[in-house]
């Protein structure tokens, strides 16, 4: 089994605390950074990085749904790899 890393900028609409609540799992790590060097993206709307892939949403709720789907997809890939 592997681990999925969800990264979020402190200045984004999404907060690390909000994502940590959603992902209370041992195989998902939520990392919060002061700046992720994607200037302006955090001001445009909610987004996060899931294993290096950018996930966007028009609302925080939509973004969280997409992040959940991306996390499940990554975990499935990892499970297939380790099987």
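The values are calculated or read from the model by the stated rules, or taken from the named source; none is laboratory data. As the structure is a prediction and not an experimental result, all values here were calculated from the model. Heads up, the Cβs are rebuilt from the backbone with ideal geometry, glycines too, and the neighbour counts pull from every protein chain shown.
Considering only the chain, give the strands (runs of 3 or more DSSP E) lying wholly within it that have at least 2 residues that are surrounded by 13 or more Cβ atoms within 10 Å (Cβ to Cβ) and without any contact (Cβ under 8 Å) to a residue 40 or more places away in the chain. Step through it out loud before you land on a result.
Details: elements: 4-9, 28-33, 47-50, 53-56.
Result: 28-33, 53-56.
Do you know which residues across the stretch 53-83 are in contact with a strand residue (DSSP E or B) (Cβ under 8 Å, 6 or more places away or on another chain) and modelled with pLDDT of 85 or more? Explain how you work it out, then say what you get.
Here is the first cut: in the stretch 53-83, the ones in contact with a strand residue (DSSP E or B) (Cβ under 8 Å, 6 or more places away or on another chain) are 54-57, 63, 66-67, 70-71, 74-75, 78.
Scanning the stretch 53-83 gives 54, 55, 56, 57, 63, 66, 67, 70, 71, 74, 75.
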